[in-house]
Amino acid sequence: MLKLIFATAALLLPLAAHAQEPLFKAPKIVLVGDSTTAVNSGWGGAFCAKHVSSNVACVNLGRGGRSTRTYREEGSWALALKEMSSGGFAQTYVLIQLGHNDQPGRPERSTDLATEFPVNIRRFVDEARAAGAIPVLVTPLIRRQFKDGRVHDDLAPWAEAIRKVAAETGTPLVDLHQLSKDAVQAMGPVAAMRLGERPPPAEVAAAAGSGTTTGAMFYEPAIPGAVVPPRPPAAPPSPSPPSAMGEFKPVFDYTHIGPEGADVFSAMVAKALAQAVPELGRQLLP
């Protein structure tokens, strides 16, 4: 009997020791956003792959086509909250970048800029904090469209609304909108095309030399009092063979980014995040 007791105790000792082992003090970063954060079409994949140390768990929950309303309605925000509250990490940070799909034009996903969009952003901040995470607001990535040699900034009001919520709630801010706008303006319309998912059609690339981009994703937002000129026709899609379900098929437009664009903007986010959240800086790579 004593032998059995000692044998059982010997088996349980490793389990007890394991239960008392301290958790590795690792931070976690959760990315919440639309297609400009998602893998393949945004900066989030490159950020997790290249700009965090091996100590960091980086989870990209960017979802294409989502606004501040539909990201919640479909359950993606509930999934993000589970990631934030799962425990086991020294601290969890959530970067929130939405706004592109909140613009007018698609009633099934757009939100009102004055009454709905900032409320949705503020609610994300409040709920992230309630889940035990540190929220970081990220202004939307610029669209690389030009008009008369200048970046045609149709997202400025949404970026400003996010800045205002960040200031009112004391939330760290990564002003990706301004940073990416400055970088794209410095590149010019022709060079900025390299940042897309794929090269543009020849006629679209040639037109950019005039200083005004044409083709897909040239947006004019419905802002009260704004003069809305006719939208240039989109370039016809190139024919492609049938593909397997789930296969990524890159397209050219002025919103989404390919590998070069992801490298440029993910590095930009990492540098700005280190400044906005200094305690996370040593876990971020340039």
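The values are calculated or read from the model by the stated rules, or taken from the named source; none is laboratory data. Remember, it's a predicted structure, so these values are computed and weren't measured experimentally. For neighbour counting, all protein chains shown are included, and Cβ atoms are generated from backbone atoms with ideal geometry for every residue, glycine included.
Considering (1) surrounded by 20 or more Cβ atoms within 10 Å (Cβ to Cβ); (2) at pLDDT below 95, the lone condition that residue 139 does not fulfil carries the number (2).
Output the residue which, of all residues in the range 243-265 that are part of a helix (DSSP H, G or I) and buried (at least 21 other Cβ atoms within 10 Å of the Cβ), is farthest from the chain's Cα centre (by Cα). Among those residues, the one meeting the criterion is 261.
Taken over the range 252-286, the residue count meeting the criterion of being out of contact with any His (no Cβ under 8 Å at 6 or more places or on another chain) and of a type in the set (S, T, N, Q) is 2.
Filter the range 130-143 for residues that are among the small types (Gly, Ala, Ser) and either closer than 19 Å to residue 176 by Cβ or touching a residue at least 12 places away in the same chain (Cβ under 8 Å) (or both) and give the result. Selection gives 131, 132, 133. Buried (at least 17 other Cβ atoms within 10 Å of the Cβ) and within 18 Å of residue 33 (Cβ to Cβ): is that true of residue 161 in this structure? For residue 161, the condition - buried (at least 17 other Cβ atoms within 10 Å of the Cβ) and within 18 Å of residue 33 (Cβ to Cβ) - is met. Of the residues screened, residue 146 is one that is closer than 22 Å to residue 42 by Cβ and either without any contact (Cβ under 8 Å) to a residue 40 or more places away in the chain or not acidic (Asp, Glu) (or both).
Condition first: crowded, with 20+ Cβ neighbours inside 10 Å and not in a loop (DSSP other than H, G, I, E, B). Now tell me which residues in the range 62-80 satisfy that. If the condition is that a residue be crowded, with 20+ Cβ neighbours inside 10 Å and not in a loop (DSSP other than H, G, I, E, B), then 62, 70, 71, 77, 80 are the ones that fit. Pairs meeting the criteria (first residue in the range 80-97 and closer than 26 Å to residue 163 by Cα, second residue basic (Lys, Arg), beta carbons under 6 Å, at least 6 apart or on different chains) are 92/28.
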